[in-house]
Structure formats: C-alpha cells, structure tokens
1. For segment A:618-686, with the dipole built from +1 on Lys and Arg beta-carbon atoms and -1 on Asp and Glu ones, taken about the Cα centre, which of A:N674, A:W663, A:Q628 lies farthest toward the positive end?
2. To the nearest whole number, what is the average tally of beta carbon atoms from other chains within 10 Å of the beta carbons of peptide B:75-84?
3. Which whole-Hz ³J(HN,Hα) couplings does segment A:685-695 yield from phi under the Karplus relation 6.51 cos²θ - 1.76 cosθ + 1.60, θ = phi - 60°, glycine and proline marked x?
4. Assign unit charges at the C-beta atoms only (+1 for Lys and Arg, -1 for Asp and Glu), then state the dipole size of segment A:83-185 relative to its Cα centre in Debye, rounded to the nearest 20.
5. Name the residues whose placed amide hydrogens come within less than 5 Å of the amide hydrogen of A:V737, ignoring near sequence neighbours (fewer than 5 apart) on the same chain.
6. Which entries in A:K720/B:K106; A:K486/B:K106; A:K667/A:K734; A:K275/A:K327 show an alpha-carbon gap greater than 30 Å?
7. Before anything else, pin down the relative contact order of segment A:428-491: Cα pairs under 8 Å, at least 6 apart, normalised by residue count, whole percent.
8. Binning at 10 Å from 0, report for the protein assembly as shown what percent of all alpha-carbon pair distances ends up in each bin.
Amino acid sequence: MAKKPTRSRSGSTRRSAAPKSRSSRSSKARKQSRGALWRWRLFQLSIVGAAVLIAWMFYLNAVVRDRFEGQRFTVPARVYSEAQELYAGAPVSADQVESLLQALGYRQTGDLGQSGRYLRRGDTLSVHTRSFEFWDSPEPARRLELDFSQGSLANMVTPAGQSVLVARLDPLFIGQIYPGSGEDRLLLPLDEVPQSLIDGLIAVEDRRFYQHWGISPVGIARALWANITSGSIAQGGSTLTQQLVKNMFLTADQTLWRKGNEALMALLMEWHYSKEEILEAYINEIYIGQQGRRSINGFGLGAQFFFGSPLRSLNIHQQALLVGLIKGPSYYNPRRNPEQAMARRNVVLSVWREAGVITPGEYDRALASGLDVSEVPGDASYPAFMDLVRRQLDQGYRRQDLLAEGLTVFTTLDPLAQNHLETVLPAGLASLERSYNLADDTLEGAAVVTRPSTGDVLAITGGREPELAGFNRALDARRQVGSLMKPAVYLAALEAGYTLASPVSDAPVQVASADGDLWEPRNYDRESHGTPLLLDALSNSYNQATARLGMEVGLAEVFDVIDRLGVDERLPAVPAVMLGAVDLSPFHVAQMYQTIAGNGFYSPLNAIRAVVHPDNGVLQRFNLQVEQRFAPEQMYLIQEALHHVTLEGTARSLQWRLPQSWWLAGKTGTTDDNRDAWFAGYSSDRQAVVWVGRDGNEPTPLTGSTGALPIWADIMAGLKPNQERRGQPATVVKVPVNARGAQVSERCDGARVLPFLAGSEPPERRGCDADPQSSDDSGGGFWQRLFN
Amino acid sequence: MPPSGRHWARLLSLLVVLFWFSGCVSVPDQAPDDQRLSTWQRQEERTGQLPDSAPASRDDLVDSLQRSARERAAVGQWSQAEALVLRALRIEPQAADLYLQLAELKTRQGDTTGATAIARKGLTYVDAGSAIAIDLQRFVQPE
C-alpha cells in the first residue's frame, strides 16, 4: 500500500529558506498537496468502486447465465380435456360440435383459410381444424366438411369430397397445475415464428437491435429528446435486450438503480448470447395479456389466446396487434378496449410500412381488416374436475415431478358432457325449488358422469354453481346413501344361491346389534308388502325385505360384496349399512356402480389419460385396469334387476322421461326425513350419479325418484348413450314366472320372463297361480293340465 | 396473305356474339348449393355420379385403428398399440375383438394376469361357443 506523504516535512524545509516567498510557495505547495490528496482519494475510491462494480458484475453475470442456461421460463403444467373424436356415426349433433368449437375459440367466418375457423350452414359445418401434438400422435390442421343428421355426424369429407375416416379437434385447455408464478406460455423456437413478425417487432421496438451491444445510446438520446419535447415519458429508450432483462430479472420500478442494473445485464447478455437466442427468449417471455391470475406470456400463447390460431397462421394485421400489445397489454386489450387496440394496431402497421416490413398493398389490406379476435380465449374452467385431477396426480407423482416445467396433462374430461352437466344440474335444482315451493338456492347437488368400459371420469359438478372452486360435493360431501346400497345385499343373495324369483318376506324385522341396540327398519310407506319376489323387493326398494334378506345371507357376505364393488371406505360393522346408513360421496357411489355397469369388473375411476414431459415424452399413460370381482352370471342378474327398477320400480318414470327404446338400469336412494335424494344408474357406456340435498343436512320434500332422478334423466338425455346391450351369458336361461315365483306358461296373465342361472330356475308348474313350492298334483286337475 | 378489314370485322362480330351468349350459359360449379342437401348429396348432384370414395363408417374406423395397432405391435411399440386399441374401445365399448386384441398385447408384453382379466371381460360381451369366445378363452389362465 502507498505511504501517505506528510506536510510537516516539506513545510519546515521551505519555511527556513525565505519567509515571503516561502509563504507563497507554501500556499502553492499546499494546494498541490491537496490536489494530490484528492486525486489519491479519487483513485482510491475508483479502485474500490471498480472492485465493487466488478464484484457486482460477477454477480449479475451469474444471475444472467444461471437463468438463461438453466430453467429459462416458467411453464406450468397445462391440463387439457379429452379431444372430440369426429367420425361418421359419432353421436354428436351439429349444435354440440358448434358449441365445442366456440368453447375452443374457433371463429365463425366465411373465410376458412386459417385454422381455428368454421362456418355453419344448416346441418353442415365447415371447419378448419387446428393442429395439435397429442400424447399418442400428432393431429394435423385440416379442412373438413361435416354433415349431421338426426343428432349424429353422418358424413365427414374434405372440401374435395374425399371421405375422412377420423379427425380429432384440439382439446380444450382447462387449467394449470401448480403454477409457480401464474405465468403461462407456449414455448416456440425462433424458426417457428413468422419472419414478418420478427421484422415487425424489431421495427417497432428496437430498430438498431442488430447493431447495438445491449444498450443503444442513440435510442436513449432519441427517447430523451421525445420525452423532453412532449413533457412526459412518451418513449422508452430500452432495447429489446433491456426489455428482456427487465422482464426476466427485474421489476418495473422507474429507479436509477434498476436502470443501471438493466443496462449492465443487457451488456452481459449480449456478451454471452447471440442475437437469435435473445430474440427467441424475448418472443417467449414478453407479457401481452392477463386472464385472472394467469399471465399470458409470449407470442405463441398470445396467438392462441387472442385469435384461437397458432402463431404461424396469423395474418399481418393479427401479428401487428400482437406487437402492438407489448406497449400496454391492459390498455390495448382487444376484447375489452377494441377501439384503442385498433388504433394501436394501425400505428404498428404504419411503422411496418415505413420500415418496409410490409408493402403498401399489404398495409392497405391489413388496415381494412377487423381485429379478428376470438370471442373467448379458447379455454374453460372446471374447478371440480381439476380438483380430481390434482388429487389423482398427487397420488401418482411426487410433487417435484409435477413441478417440472412444461408438463402436459391430458385428461378424460368430455367438455360436451361437462357443459351439459353444468347446465342441467342448476336448472334441475331450480326447477325442484319451484315445484316444491322451496326458497331459492336452498338445494344443493352434485353429479359424476363416467364411462363404464374404461372407468374414465367424463364430467363432475361439485355444486349448483359449478364455476366456483369451493366445496366439491362430488368428492367431499359424505352423505348417507340410503337404498343405493341395496344392490350389494341382493348381489350377495344371488351369490348365495337366491334367484330373482325367490320369495322374500317383507314382514317387520328386528335385529339386535352387538351393543344391545335394536334395529327396526321400516318401509318408506310404513307398510309391509307380504312376500314379494326378490326382484320386486329390490325394484320397489323395500327396506324390511332387504334387511331380512341381508341377515339371512349374512352381514359378512354383504360387506364383502360392498368391498368388492369398490367401496374402500371403512364402514361401521352394523346391519344398518345394508340400507345405506353409511356416508359416501357421489364419487364413491360412482365407483361402486362402475363395477356393476362394467359387468362385474372393477376399474378404478380415472381422470388422467396421459402425462407428457416436454423433453422426456410420455411419463404416464392410461392403462386399462380390469379386475374381475363378480361372476358374469350373477352380475347379469343384478343388472336385469336394476333394469327392472327403471321399468316397474321406483325409477319407472324414466319410461316417459327418456325414450322407451333405451336400456336403462339404476337405483334410487332416499335417506331418513328425505335429507338426501340419490339416483345412480347407467345406460350402455355412460354412467351417472346424482345427489340432491342441503348442505346443512336439513330435511327436504324430495326422494330419489322425485329429486335426483329427473336430473339424472336430463343428463342422460343429453349424453345420448349408444344403445348397445351385451349378450346373455351362456349359463343364463330365461323362463316365465308368475307373481309367486313359479315357472308357468308364458300365456298366463302376469307371467314375466326372468333370467336365471341355468339349473336354478324354478321347476315348471301347472296352473297360472301355482306356488313354486307346491307339487303339480296339488293344483288343478286333468282339465287344467290339458289347457295349460 | 394478311387478313383484310372484312376478316377483322367478322372476327369482332363473332367475339361479340360469343360474349353475348356466354351470359346465358349455366356454370354448374358456381350454382348455389341447396343447403337442405348434405355435402354428400350436393356432390352427387354436382358431379352427377357417386363421390370418389364411399362414406367412412364407425366399423371402418375401428378396423383402421386395429390395423394401426397391429402395425405398431409388429415393431414392438406396445404402448402405442395399446393406446390405439383403447381409442377404438372408447368408440365401440362392447366390441369383443378389441378385448381380444388387448389380451394379445398384454400377453406379448408378458402380462398374463392382465391378459386373463381383459379376456374374461371380453367374454362377457360374446355368445358362448362363438369363434371369438374360443379365441378369448385361450388367454384365460386357470386360477
């Protein structure tokens, strides 16, 4: 370190030589000495400052490189619905497909030159679909002519008339999972960005982009001059690099400290990375819109969000609007402030014309164009379904895997079914309130729709306001299920050798529990019904008969059946469970009935089709899990019994609520004081469960038949399940029986043909009123036998 | 010999006549389509003959997906093959031959338990004794 000079030594030498001149010399020397001192101090400060600056630069350099070479962008996991399959014979109407196109942000227009557009003429839809990278294969964009007839897609051809076998619409974006910052974007490499957009961006935001090193003194001077002359901050002198730095690393504060850091980091960024890398980062980073908490970043997502089209297919005027949005995404929001957006777009277009980015002809055409913005952003919010997706992801993945950037989650959600459910449930509840003179908004409900063949969950509503992400009753409302549990009792009985024609006593019953309490179930109508057939006891939902039957079969056997049906909840070991004195959610019930609708095969209800990592490909894909839990014969019999419920039992109103040609099966459920009204049922490959009640568990005037069933019927009417019915197991025979369960002639009045496990059918009896236990000789004589 | 003025006059009058009558000629391609007809019928009307290809059916689609699945399976792309069969199953949920194909895929991947379960479920959609039931039965392992 340099030694500090002392004044005393030189001063004393000069004082002793000549006092006057000494004084002047000494003053001069003092001045020189002070100057040297200040210079020295300045030098020292400079050294310290430079050291600090270098250290700070090292820090900033690390920040820039760390971010730029690591996880450059925040890309949350994006969740999509199932894609709508289009093929000749698909059970979708023109109205349904059009509603889906609108939800996806397709625009109706006569010009179908761009993907994301359609035209409806009567029962014909002309569509220019979007391309999409599905988890199993890519789907190209294409022009299709769709002809509909009688509620289904009759024919699908190209504009040239060539038949098209199958096409998939792009899936609906339904949300993000675990977004870190709320930012959302679709990452695009630079070579997928139209050159006109790149040139236009540079022309508007940073003309000297390819000349400067991160900061542009010329640009700053120009902006300064513009600001001084206008008396306000009208222009920014920031380069694209500075804007990128600000967006990526800094805040929007207008402070010298932030500006200084911005400049330093811009220089560092330019030093390390090429102009192309910086441009690509900018195009993916730039903030251009907001949707609630979701921030729309980058031109790729911006194109999708505002125009419903991929970036590469945007027209000049649409590209100009995107570039224009950078200046003020909120102020120039084309959906909220179309006039300001139009004015800004036109300014951008004029800049492009002056800069030679577009020709005067292109300028004129672009200027004459409308904003061309889609009405909706092409996404939807289904909080109840997303709740299920999150829970299932949590079960199958570690949190850090889910936080991996850019995961794509393909789900089983059917947007048509979901939208239908969200319309039908609130409307059904409101209708019930009117019919029963209940105060408005006092009833609540929940519903689940599944596909029995695969266990896919197609739709869920967690309440009458499905758009609200509150209490998800479909998953979390544990309510007594009432008679929905009865099929388990009857299934246990069938496994134990009973038949659908077995007589069951409906006399009052008392069961003493282990703790000495007496359980005395009563029928809903407070009456006993003699000795109905097992089939009728189920379809009329007799409590006394069911309790007797369950006790005869054995509680353990019934609980075993409940377990095999897929109810994995811990149930109280009391006989009242047989009549549904157990709290389950609609989702649990759907899982239970899924096993019945699935022909006795358990398949876990599933909401996730595939999870795709941007680099590593498919992480997980749906794998059909089936596990046989019941013999096909017994399952066939219980299905027939549940079908009978919809023909002659507590759900017989379905015969007029839905087409009589439909094969339906289901069960009503009502709990004490009508606190809960349920219906669970299925038709072919669609199953639905509906619960109606009150959040506070107060009584209602509704039963399963009057409260939940009408809503279930409306759901099914919209789902239009294909009416297919599997074949009858070879070991099942069908024979006519009378009201007492005896096999009689089919010509007897009231004889019903019922299915039986071969060998278990009642023996043939003569006489239409024969008792199954009686011998033929006891009833009728020779003449009667002759005519039978 | 260069054309005379009379020749030019004839040519000109011929062109005038042609232009005059061209307005009377109907152009089928630009005639407004009857929107009550389907694209299929409209094309038939326009061309006066059946379109180039017959309309695709649901069965064609399922066949095509099954074919693609077999192609994938042939090169060992089991997951993709399975995904294609499942896609077909969502269209035809009770088609036993799809269960048969799934059982085959499971077996070839060494998952005999899975194949048995799938085959058993497929059996619930067919009549006993049918050819496909016999095929499915081959994948059912004794318990």
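Every read-out reported here was derived from the displayed coordinates using simple, explicitly stated rules and does not represent laboratory data. Keep in mind it's a predicted model, so treat the numbers as computed, not measured. FYI the Cβ positions are ideal-geometry reconstructions off the backbone, even for glycines, and counts take in every protein chain you see.
1. Of the listed residues, the answer is A:W663.
2. 3
3. 9, 10, 10, 9, 10, 10, 10, 10, x, 10, 4
4. In debye, rounded to 20, segment A:83-185 gives about 260.
5. Amide H to amide H, under 5 Å and 5 or more residues apart or across chains, A:V737 pairs with A:V744, A:R752, A:V753, A:L754.
6. A:K720/B:K106; A:K486/B:K106
7. 21 percent
8. Using 10 Å bins, I get a P(r) of 2, 9, 15, 17, 16, 12, 9, 6, 4, 3, 2, 1, 1, 0, 0, 0, 0 for the protein assembly as shown.
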